[in-house]
Amino acid sequence: MPDRNRYEPGHLSRYVHSLAAHQRPGFFHRSRRRAARPERFDGHGLIIDKADKKFTDRRTLAATVENLDLAGGLTDAFGVTLTFAKIKAIAIHNLSVTPGEVLKIGGHASAAFPLFDNATDIYPLGPNGIFFIWEPSLAGKVVTATTADLLKIDSGAATIQYDIVIIGTSA
């Protein structure tokens, strides 16, 4: 019988969804039960601590850099263009198990998505590592088209496959 508490490579989306469900029941969809407190809205029809957009993919970088455009450059599972206004969670799993095959996350020169305080900061994600940011509050991490909307991922000289999940809102 599989261990339900153990992360299985290749199932990052399910893993993030499971984490979100345990942290905030009903994060992705409404519970049938009535909430103990009244639901709070942000003025745009979105409920606080909720998300309405999700991007998941398994990608391969062959000794190259990729800039994921969070404001209109990604599509969901149905082929619909995603334009995130706020990001609530990002999870990236470096599927490589070879020592030295590091994914560099962040650091776009002119339009970096604000993951870190300094736009030039980079997080080196080692083999079989998972990079995870969770910010479910109403504020989230704001995406600003053309000036702060690119998530840079660099594989250096290696060919690296990785899983990515991005969860956010449209308003």
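The values are calculated or read from the model by the stated rules, or taken from the named source; none is laboratory data. Only a predicted model underlies this, so the values are computations on that prediction, with no experimental measurement involved. Reconstructed Cβ throughout: ideal geometry from the backbone, glycine too, with neighbour counts over all protein chains shown. The accessibility values were calculated without ligands, DNA or RNA, using every heavy atom of the protein model including side chains. Shrake-Rupley method; radii C 1.70, N 1.55, O 1.52, S 1.80 Å.
Evaluated against (1) surrounded by 14 or more Cβ atoms within 10 Å (Cβ to Cβ); (2) over 18 Å from Asp149 (Cβ atoms), Phe78 falls short on exactly one condition, (1). Evaluating Phe41 against the criteria (1) farther than 25 Å from Phe132 by Cβ; (2) aromatic (Phe, Trp, Tyr); (3) at pLDDT 50 or above leaves one unmet condition, (3). Checking each residue in the stretch 147-171 for being under 15 Å from Ile122 (Cβ atoms), assigned to a strand (DSSP E or B) and open to solvent by 20 Å² or more (accessible area, probe 1.4 Å) picks out Leu150, Lys152, Asp154.
Within the stretch 72-87, which residues are part of a strand (DSSP E or B) and more than 13 Å from Pro114 (Cα to Cα)? Selection gives Gly72, Gly73, Leu74, Thr75, Thr81, Leu82, Thr83.
Does Thr144 count as of a type in the set (S, T, N, Q), loosely packed, with under 13 Cβ neighbours inside 10 Å and over 13 Å from the mean Cα position of the chain (by Cα)? Criteria not met by Thr144. Of everything in the stretch 51-65 that is surrounded by fewer than 17 Cβ atoms within 10 Å (Cβ to Cβ) and in contact with a strand residue (DSSP E or B) (Cβ under 7 Å, 6 or more places away or on another chain), the residue that is nearest to Leu138 (Cα to Cα) is Asp52. Based on this model, can you work out whether Thr83 counts as closer than 12 Å to Ser170 by Cβ and touching a residue at least 12 places away in the same chain (Cβ under 8 Å)? So Thr83 passes the test.
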